[in-house]
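The structure appears below as structure tokens.
The values are calculated or read from the model by the stated rules, or taken from the named source; none is laboratory data. Remember, it's a predicted structure, so these values are computed and weren't measured experimentally. In this analysis, Cβ positions are derived from the backbone assuming ideal geometry, glycine residues included, and neighbour counts consider all displayed protein chains. Heads up: the accessible areas ignore ligands, DNA and RNA and are worked out on the full protein's heavy atoms, side chains in. Shrake-Rupley method; radii C 1.70, N 1.55, O 1.52, S 1.80 Å.
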Amino acid sequence: MKIGFVSLGCAKNLVDSEKIMGMLKEGGHEFVAKPSDAQVIIVNTCGFIQSAKEEAINTILEMAEYKKKNCQKLIVCGCLAQRYKEELEKEMPEVDRFIAIREYPRLHEILKEELQAPLQVYGKSERLSSGKPWTAYLKIAEGCSNHCTYCAIPLIRGENVSVAMDKLVEEAKELAGRGVKELVVIAQDTTKYGIDLYHRYALLELLEKLNAIDGFHWIRILYMYPDEISDELIEGMKKLDKVLPYFDIPMQHSDSRMLKLMNRRGDEHTVRKLIEKIRDTFDEPTLRTTYIVGFPTESQQDFDKMCDFVKEIRWNKMGAFTYSIEEDTAAYDMEQTVSEEEKQKRLDILMNLQRDISYENNQLMIGKTIEVLVEGKDGLSDKYVGRGSMHAPDDVDGIVVFTSTKPLELGTFVDVKIDDADEYDLYGELEKA
């Protein structure tokens, strides 16, 4: 059958989508780019925060319109289906099947029933690459055991379950074999990898095995929790030539009282020490974080403390969000003391502060030569677009725009001399040999 596939949400969800698509392709189904050409449309949803839920609902309704034309079946899976399956089944009769994440072990049976065709077991087929062929995500664990009071992930995905190391190495080798140059290691909490399986922190051991695989040029790690980044992990990463000194450390707040309310471990003192260690170990590490503004009972003083900490640390990259109240989380029953208007005001202040810091950090790059992964070319300006080691995929950290007098192949690495910069992007020209 002709299948249209829509994947929403985070990179962890994208890995699920690629596995489902691989299963369907192996079963003889064909993927089409236009929903109007599809006989079956599958939407893999996110249900993490309110805005993601709204996007998912709107996308489902938009795809349901195609059932008036060519589409025979509309199937919805992923986080929203896991979290609200019974309610959705009642409220959205236009959807033929909602598939919860807990049903994935028998996904091949469910889809066989819906599509009238036999399929391989989920996770046994080769993943289908849905993005740029030189970059791929490796999901090393499912779920989360941190139970932050604002977060619904444990409700949706369950407790942290690490994937066996030999399976990950096998999957990584397969990705390298198909031409992947940048491997992005992800989980809800990558630093906790191995605790449940091996009763020890095993991220460094996994990185050593991945580093030994031929083909990868960059290995990037996302979502490292501050209290679990040990000196051993930092020093071990320094010895691995493919592992980038890119530290994505979600802080969420800087005030000790707020962190305790969020059930976050670590405080500003431990993070300050950690960052000092990272900066002492690596010449030019990239430090990234995320913050939540407007959490219940956050006072002006608490927010000011967060801003002061951002000014002190001068993160290379930073994202921030307004607090989204989520049912069934511990924070749901807390007193909602910050208005939506005040949340937005604080977010604007914080992001403007970071924009200035980012601009100043980027100005320091002028005159330097950096390695860039070539990802595209602008036909109008004739300039190339790529990412440096400080830029994670999917436009979260900015890009490098540069000129070249010779044609370049996409997915290759080149040296670019930076001659200009703005708040988020760098500009330059190909370093002449």
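What to note about this one:
- Residue within the range 236-247 that is open to solvent by 10 Å² or more (accessible area, probe 1.4 Å), more than 19 Å from Ser389 (Cβ to Cβ) and either out of contact with any His (no Cβ under 9 Å at 6 or more places or on another chain) or not hydrophobic (A, V, I, L, M, F, W, C) (or both) present: no
- Just one of the numbered conditions (1) at pLDDT 95 or above; (2) open to solvent by less than 70 Å² (accessible area, probe 1.4 Å); (3) over 23 Å from Asn362 (Cβ atoms) is not true of Asp255: (1).
- Residue ID - nearest to Asp16 (Cα to Cα), chosen from residues in the range 34-49 that are in contact with a helix residue (DSSP H, G or I) (Cβ under 7 Å, 6 or more places away or on another chain) and either open to solvent by 10 Å² or more (accessible area, probe 1.4 Å) or not aliphatic (A, V, I, L, M) (or both): Asn44
- Residues that are basic (Lys, Arg), assigned to a helix (DSSP H, G or I) and open to solvent by 60 Å² or more (accessible area, probe 1.4 Å), drawn from the range 156-181: Lys167, Lys173
- Sole exception among (1) under 28 Å from Val414 (Cα atoms); (2) at pLDDT 95 or above; (3) open to solvent by 20 Å² or more (accessible area, probe 1.4 Å); (4) in contact with a strand residue (DSSP E or B) (Cβ under 8 Å, 6 or more places away or on another chain) for Gln344, by number: (1)
- Within the set Leu410, Leu380, Leu430, the sole residue that is open to solvent by less than 40 Å² (accessible area, probe 1.4 Å), of a type outside the set (Phe, Trp, Tyr) and either out of contact with any Asp or Glu (no Cβ under 8 Å at 6 or more places or on another chain) or in contact (Cβ under 8 Å) with a residue 24 or more places away in the chain (or both) turns out to be Leu430.
- Residues that are touching a residue at least 12 places away in the same chain (Cβ under 8 Å), out of contact with any Ser or Thr (no Cβ under 8 Å at 6 or more places or on another chain) and of a type outside the set (S, T, N, Q) within the range 259-270 comprise Arg264, Arg265, Gly266, listed in sequence order.
- Residue among Arg106, Arg97 that alone is within 25 Å of Gly22 (Cα to Cα), out of contact with any Cys (no Cβ under 6 Å at 6 or more places or on another chain), modelled with pLDDT of 95 or more and open to solvent by 10 Å² or more (accessible area, probe 1.4 Å): Arg97
- Taken together, the residues in the range 42-97 that are touching a Leu at 6+ places or on another chain (Cβ under 7 Å), among the hydroxyl-bearing types (Ser, Thr, Tyr), closer than 24 Å to Tyr122 by Cα and part of a helix (DSSP H, G or I) amount to 0.
- Tally of residues being open to solvent by 70 Å² or more (accessible area, probe 1.4 Å) and in a helix (DSSP H, G or I) across the range 258-269: 2
- Among the residues listed as Ala64, Ala136, Ala117, Ala141, the single one being open to solvent by less than 40 Å² (accessible area, probe 1.4 Å), modelled with pLDDT under 95 and either of a type outside the set (Val, Ile, Thr) or within 27 Å of Glu326 (Cβ to Cβ) (or both): Ala117
- Of the residues in the range 134-155, at least one is more than 30 Å from Arg387 (Cβ to Cβ), touching a residue at least 60 places away in the same chain (Cβ under 8 Å) and not in a loop (DSSP other than H, G, I, E, B).
- In the range 275-299, the residue that is most open to solvent (accessible area, probe 1.4 Å) out of those that are in contact with a strand residue (DSSP E or B) (Cβ under 7 Å, 6 or more places away or on another chain) and assigned to a loop (DSSP other than H, G, I, E, B) is Pro285.
- Among the residues making up the range 304-313, those that are in contact with a Leu (Cβ under 8 Å, 6 or more places away or on another chain) and farther than 12 Å from Met251 by Cβ are Cys307, Lys311.
- Selection from the range 309-339 of residues that are aliphatic (A, V, I, L, M) and open to solvent by less than 40 Å² (accessible area, probe 1.4 Å): Val310, Ile313, Met318, Ala320, Ala331, Val338
- Residues (buried (at least 20 other Cβ atoms within 10 Å of the Cβ) and either in contact with a strand residue (DSSP E or B) (Cβ under 6 Å, 6 or more places away or on another chain) or of a type in the set (Lys, Arg) (or both)) located in the range 182-199: Glu182, Leu183, Val184, Val185, Ile186, Ala187, Thr190, Lys192, Tyr193, Gly194
- Tally, over the range 211-244, of residues that are touching a residue at least 60 places away in the same chain (Cβ under 8 Å), under 19 Å from the mean Cα position of the chain (by Cα) and under 24 Å from Gly179 (Cα atoms): 4
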